[in-house]
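Enquirer: I'd like to ask some things about the structure below.
The values are calculated or read from the model by the stated rules, or taken from the named source; none is laboratory data. Treat the numbers as computed from the prediction; the structure is a model and nothing was measured. Here the Cβ positions follow ideal geometry from the backbone for every residue, glycine too, while neighbour counts run over all protein chains shown. Accessible surface is based on the protein model in full, side chains and every heavy atom, while ligands, DNA and RNA are left aside. Shrake-Rupley method; radii C 1.70, N 1.55, O 1.52, S 1.80 Å.
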Amino acid sequence: MNILAWIILGLIAGAIAKAIYPGNQGGGILGTMLLGIIGAFVGGSLYSFLTTGTLALTSAGLSLGGIVVAVLGALVALFIYYALTRRSTTY
């Protein structure tokens, strides 16, 4: 997949994931694109693991199914990121 397709997939998947995920996420367009690209790798790898039983570093393609897998991967990436960076508030 060429770099332009990665950028388009990243923007689409990241924007949809940020719209679905509750709360306010910063990051701007670059953060959204990076989130989507990471989501494409996470989603593609999880899809590969669930369908073949082996964990391979793959990515979702630029298709409707690929966008869905990338959005799901981006949601998982957002959840993990906020779970690791959540600050505990003490009064």
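Enquirer: Given Ala15, Ala40, which one is modelled with pLDDT of 75 or more, buried (at least 21 other Cβ atoms within 10 Å of the Cβ) and part of a helix (DSSP H, G or I)? I'd like the intermediate steps shown before the answer.
Expert: Numbers: Ala15 fails: buried (at least 21 other Cβ atoms within 10 Å of the Cβ).
After ruling out the rest, the residue left standing is Ala40.
Enquirer: Hey, among the residues in the stretch 59-83 that are surrounded by fewer than 17 Cβ atoms within 10 Å (Cβ to Cβ) and not in a helix (DSSP H, G or I), which one's modelled with the highest pLDDT?
Expert: My answer is Ser63.
Enquirer: Turning to a different aspect of this structure: Report yes if some residue within the stretch 22-31 is modelled with pLDDT of 75 or more, closer than 25 Å to Leu55 by Cβ and assigned to a helix (DSSP H, G or I); otherwise report no.
Expert: Taking every residue of the stretch 22-31 in turn, none turns out to be modelled with pLDDT of 75 or more, closer than 25 Å to Leu55 by Cβ and assigned to a helix (DSSP H, G or I).
Enquirer: Still on this structure, please answer the following. For the stretch 18-37, which residues satisfy the criterion of being open to solvent by less than 80 Å² (accessible area, probe 1.4 Å) and under 10 Å from the mean Cα position of the chain (by Cα)?
Expert: Lys18, Thr32, Met33, Leu35, Gly36, Ile37
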